[in-house]
1. What about Asp151, is it among the acidic types (Asp, Glu) and under 24 Å from Leu282 (Cα atoms)?
2. List every residue pair whose Cβ atoms sit under 6 Å apart, with the two residues 6 or more apart in sequence or on different chains, where the first one lies in segment 43-72 and is within 16 Å of the ligand (Cβ to nearest atom) and the second, anywhere, is at pLDDT below 95.
3. Take the residues in segment 117-133 that are assigned to a strand (DSSP E or B) and within 13 Å of the ligand (Cβ to nearest atom), then tell me which one is farthest from Gln446 (Cα to Cα).
4. Restricting attention to segment 282-297, does a residue exist that is farther than 27 Å from Ile405 by Cα, acidic (Asp, Glu), away from the ligand (no atom under 16 Å from the Cβ) and not assigned by TED's automatic domain parsing to the domain that holds Thr45?
5. How many residues are under 26 Å from Phe240 (Cα atoms), of a type outside the set (D, E, K, R) and either within 16 Å of the ligand (Cβ to nearest atom) or touching a residue at least 60 places away in the same chain (Cβ under 8 Å) (or both) if we restrict to segment 140-167?
6. Out of all the residues in segment 96-110, is one or more part of a loop (DSSP other than H, G, I, E, B), of a type outside the set (A, V, I, L, M) and either assigned by TED's automatic domain parsing to the domain that holds Gly396 or over 12 Å from the mean Cα position of the chain (by Cα) (or both)?
7. Only one of (1) open to solvent by less than 10 Å² (accessible area, probe 1.4 Å); (2) within 19 Å of Gly396 (Cα to Cα) is not met by Pro197, so which one is it?
8. Select from segment 222-263 the residues that are within 16 Å of the ligand (Cβ to nearest atom) and of a type in the set (Ser, Thr, Tyr) and write down the one among them that is surrounded by the fewest Cβ atoms within 10 Å (Cβ to Cβ).
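The values are calculated or read from the model by the stated rules, or taken from the named source; none is laboratory data. All figures in this text were calculated on a predicted structure; none of them were measured in a lab. Virtual Cβ from ideal backbone geometry, glycine too; neighbours counted across all protein chains shown. In case anyone asks, the SASA skips ligands and DNA or RNA and just uses the protein heavy atoms, side chains included. Shrake-Rupley method; radii C 1.70, N 1.55, O 1.52, S 1.80 Å.
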Amino acid sequence: MPFSTFFDSQARMIAIFLVCLISCATLEAQQSETWHAGVSRDVITPPEYMWMSGYGGRKAPADGKIHDLYVRVACLQPEPKTPKFLFVSLDLVGVPVEMATKLSAEFAKLYGIPRENIMLACSHTHCGPALDHDLSWMLAMDDKDWKQVRDYQKWLNDRIRSAVKNAITDLKPAQIHYGNGTCGFATNRRPPIGEGPIDHSVPVLRISDKQGTIQGVIFGYACHNTTLGIQQWCGDYAGFAQLNLEDTYPDAVAMFFTGCGADQNPLPRRTMELCEKYGRLLSVAVQDVVKESMQPLASTMSGRFETVSLEFAEAPTREQIELKLKNGDGYDKNWAKNQLADLEDDGKIELTYAYPVQTWRLGDELTWIALGGEVVIDYALRLKAKLGNESTWVTGYANDVMCYIPSERVLKEGGYEGATSMRYYQKPSVWKAGLEDKIVNVVQSQVDALKTE
Ligand SMILES: [Zn+2]
C-alpha cells in the first residue's frame, strides 16, 4: 500500500472514530438533559364495607360506592443514574405517619430513593375509609372494627408499594412543564364565613412523553374535600376532577394534592350535583393551564426533608383527664383514654411533636413546599408572598396528617382550626404560640440550601 493511501485510510478511520465519539457524546448530552418520568394508578377502594373517616358523626360503615378511590404515583428522574423522586397522591382523608415512615424506608432500601425525594399527599376526602391513625379514634368503632381498619391499612400499604413499583417501571424520556390557573369555589369557612383569606390558585405540573402526549398531570387546590357527607365511597370534588382529567387525556394519570385548605370549604355543598360541578370546574381550570403556554422545566431537581419540633401549649392533669372520662361526650372519652394511656406508658404526656417540612426545587425556578397536617391558608399566602407567587407551590396534608396547623392568627382566634379540633386527633392541648415562624423559618432554610446547591 502506498504511503499516501495508507495515510488516507488511517485518516478516514480517525475521522469515523471522531464522528462516533462526537455523536455518542451528543447522545449522552441529550440524554443527560432529558427528564425521565413514569406514572401509575391503582384502586384503593376497600374490598369490603368498613368505617369511613372525616366526620365524627357517622354511626355506621360505608354501604355503597360513587366511584373508586385510587393511589396515583408519579416517578420523576431529572438525570439518568441520579436518585428518583416519588410523588404519591391518595384519595384518602390523611397520611398516617407510620405508613409514610415505613414505606419511605422501604423505598430507600429497594430503589435508593432518599426520604427527601418522597412526597405523600392526600385529597382529604371525607368519603374514604378510616385509617390506622389517631383520627380514627373519633369514630364509634369497636375492637372488631379496629381490626378491619388495621387489616385495610396493610392491604393499602401493599397497593401503594405496587403502584410505586409500576411507576418506576414506567420511566421513560419526558418533558415537564408547569403553570398556574385559578378556580373559584373554595370559601373561607371560619366565621364570618366568606370573609377570611383564600387562595384560588391551581398549580399544574404536566408530564408528557417526547412526542408531547400527556402522561401525567399533577394539580392542587386549597380546599377541603367536604362537598359530600354520604355513606358511599367517593373522592369528592378531587375524585371527580381526577377522573374527568383522565377521560380528557386518556394516556394520563391525574394526581391531586390538597393545598393549605384547612380553613376552606367548597360552598355551597352537600349535593352530588355540586360535587360533580366542582370537580368539572377544577378539571377545566387544569385543562386551561395545560392548553396554554406552560413553562418548561430544566431537568434538575433536588429536595430537603426534616422534622421541626413543635410544642403543645400544656399537658392536661390527671384530674382534668379523669373528669373528661367521667363527664365528657364520646369524643372526650376516647381522648381521655388516649391521654391516660400516654401517662401510663411514659409517665408523662409528650408535649413535642416532630413536624415534617419538605421542599423540592424543580428546574431553575419552581419551589414546591410540602407541609404536614391540616394547614390553614395563611401559610400558603405568606410563603408565596415571600418566595414568589407564581413559582411557589404549597402542598398541605403531606407526609403526616397529625392535626390542624393554625397560623398565629388562627391560633389566637381559636375556634375549630385553632383549638377545638385537637381532641379529634388525640392531641393533649392546642399548639404553643410560635409555630408559624418555626415552620416558615425551616422552609426558608430549605429553600436557601436548595438554591445554593
Ligand atoms: Zn379537615
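1. Spelling it out, it is not the case that Asp151 is among the acidic types (Asp, Glu) and under 24 Å from Leu282 (Cα atoms).
2. The qualifying pairs do not exist here.
3. Applying the filter and picking the extreme gives Gly128.
4. no
5. 10
6. yes
7. Against the list (1) open to solvent by less than 10 Å² (accessible area, probe 1.4 Å); (2) within 19 Å of Gly396 (Cα to Cα), Pro197 comes up short only on (1).
8. Looking at the filtered set, the residue picked out is Thr226.
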